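The values are calculated or read from the model by the stated rules, or taken from the named source; none is laboratory data. Predicted model only: the values in this text are computed from it and were never measured. Positions of Cβ are backbone-derived with ideal geometry, glycine not excepted, and every protein chain shown enters the neighbour counts. Side chains included, ligands, DNA and RNA excluded: accessible areas come from the protein's heavy atoms. Shrake-Rupley method; radii C 1.70, N 1.55, O 1.52, S 1.80 Å.
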Amino acid sequence: MEQLKQKYYDYLRLEKNYSEHTLIAYRDDLVFFESFLKGTFDDRDLVRVVYPQIRAWIVSLSDDGISNSSINRKISSLRSFYKFLLKTKVILVSPLLKHKALKSPKKLQIPFSEKELDLVLNSLKFSDDFDGIRDKLVIDLFYTTGIRRAELIGLKVQDVDLYGGTIKVLGKRNKERIVPLLPVVIVQIKKYLTERADIQTIRDEDSFFLLSKGVKLSNSFVYRIINYYFSSVSEKVKKSPHILRHTFATHLLNHGADINSVKELLGHSSLASTQVYTHSSLAELKKVYGSAHPRNKE
């Protein structure tokens with residue numbers, strides 16, 4: 001079984017090009033399910049699993065207070081594993097063949113307002129040292145390019161083209177895209193690179209964004225940057241890099257950007273992924289419509 005699971009992990013890494021973060025999540029879900037089988041049915045044979053066993057796991061997860069959306073993600077990991085077993089002809093029928101995803105309410109992502117972004121970028125005082133210059137650039141790059149947190153952390157020095165005014169972003173499934181830079185951001189990048197050059201010892205030389213000790217940023221560190229600065233200007237519950245990505249898309253759409261162009265900038269493979277950002281744009285449109293239409297003044 002261990003050999004079979006290793007082949008599956010290799011398949012995800014080499015053929016599906018999944019990120020290390022995704023690989024860890026898929027592996028953990030599979031190990032967790034295998035442990036449940038052992039504890040509940042005294043059986044760890046993943047190949048001979050039947051749907052009632054999976055259903056028992058779902059019930060157990062729900063009883064433990066796990067949300068439907070989180071359960072669906074775990075089942076998605078299992079589905080991927082059994083698709084691999086089908087592909088390699090280890091099994092003939094997936095035990096999840098007739099499974100239907102649990103219903104879960106869609107969470108409304110509330111973007112930052114233009115006023116909140118203005119307060120952070122133009123009114124807050126960032127320290128004029130390496131940390132402050134880097135933090136402001138991180139925020140502005142999120143807001144002006146819409147890149148994901150992993151894409152920002154993975155940005156390489158050679159990916160930044162100041163002459164062409166673009167960055168090369170490595171997105172999901174190792175798909176590359178070119179994103180333009182605003183002149184104000186290019187000025188900040190030059191200032192950051194000057195400070196970066198003064199770091200005594202750099203371990204992660206290829207990484208564009210670094211800590212002052214010369215190593216690349218971590219996921220939690222980037223999250224803390226956004227949460228720290230926006231906590232002083234926003235009362236929104238969620239203050240994260242993803243909300244800035246959401247804000248980027250919403251503000252572009254509010255100002256008349258074509259949704260297909262926004263799709264390309266975000267690196268979405270389908271328009272459906274981009275359309276989740278249109279609800280805020282629609283709210284803005286309704287506000288303008290209500291204030292501008294003569295019939296609303298009667």
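What does the helix-only formula give at 222 nm for the chain: each DSSP H stretch with n ≥ 4 adding -39500 (n - 2.57), the total divided by the residues, and the result rounded to the nearest 500 deg cm²/dmol? All intermediate terms of the calculation are to be shown ahead of the outcome.
Details: 13 runs with 162 residues, N = 298.
Calculated at 222 nm, the ellipticity per residue is -17000 deg cm²/dmol.
Per Stokes-Einstein, at 20 °C and 1.002 mPa s, what whole-number D in µm² s⁻¹ belongs to the range 111-257, with the Kirkwood radius over Cα pairs as the hydrodynamic radius?
Details: Rh = 15.7 Å.
Stokes-Einstein gives a translational diffusion coefficient of 137 µm²/s.
Leaving ligands, DNA and RNA out of it, report the carbon-plus-sulfur percent of the accessible area of the chain at a 1.4 Å probe. Don't skip to the answer; put the middle values down first.
Numbers: 9280 of 17450 Å².
About 53 percent, which is the carbon plus sulfur part of the accessible surface.
Highest mean first, what order results for 206-212, 59-65 on Cβ atoms within 10 Å?
On the way: 206-212: 18.0, 59-65: 11.7.
Sorting 206-212, 59-65 by mean packing, highest first, produces 206-212, 59-65.
Averaging the inverse of every distinct alpha carbon separation and then flipping it gives the Kirkwood radius. What is it for the range 71-155, in angstrom units? Intermediate results must be reported in sequence, preceding the final value.
Values: mean 1/r = 0.0574 Å⁻¹.
The answer is 17.4 Å.
Per residue, what accessible area does the chain have, given a 1.4 Å probe and all protein chains present, in Å²?
Working: 17450 Å² over 298 residues.
Result: 59 Å² per residue.
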For a quick check of understanding: with a 1.4 angstrom probe and all protein chains in place, what accessible area in square angstrom does Arg73 have, to the nearest ten?
110
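Return the subset of Lys5/Lys89; Lys38/Lys100; Lys16/Lys175; Lys103/Lys263; Lys190/Lys213; Lys172/Lys263 for which the Cα-Cα distance in this structure is over 18 Å, preserving the input order. It would help to have the intermediate numbers written out before the result.
Values: Lys5/Lys89 14 Å; Lys38/Lys100 25 Å; Lys16/Lys175 12 Å; Lys103/Lys263 27 Å; Lys190/Lys213 20 Å; Lys172/Lys263 14 Å.
Check vs 18 Å cut-off fails for Lys38/Lys100; Lys103/Lys263; Lys190/Lys213.
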Quick shape check on the range 22-93: root eigenvalues a ≥ b ≥ c of the Cα gyration tensor, a/c under 1.5 is rounded, otherwise prolate if a/b tops b/c, else oblate, and it reads oblate
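Where in the chain are the helices, taken as whole DSSP H runs, whose Cα atoms extend 15 angstrom or more along the long axis and whose Kyte-Doolittle mean reaches at least 1.6? Intermediate values should be presented prior to the final figure.
Working: long enough: 2-14 (18 Å, -1.45); 20-41 (31 Å, 0.16); 51-63 (18 Å, 0.15); 68-87 (28 Å, -0.35); 130-145 (22 Å, 0.28); 183-196 (20 Å, 0.18); 219-230 (17 Å, 0.22); 241-254 (20 Å, -0.01); 278-292 (21 Å, -0.26).
Correct list, ordered by number: empty.
Grab the other residues whose beta carbon is less than 12 angstrom from that of Lys136, score K and R as +1, D and E as -1, and report the net.
Details: positive: Lys125, Arg134, Lys191; negative: Asp128, Asp129, Asp131, Asp135, Asp140, Glu195.
Local charge sum for Lys136: -3.
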What does the convex hull of the Cα atoms come to per residue for the chain, in Å³?
192
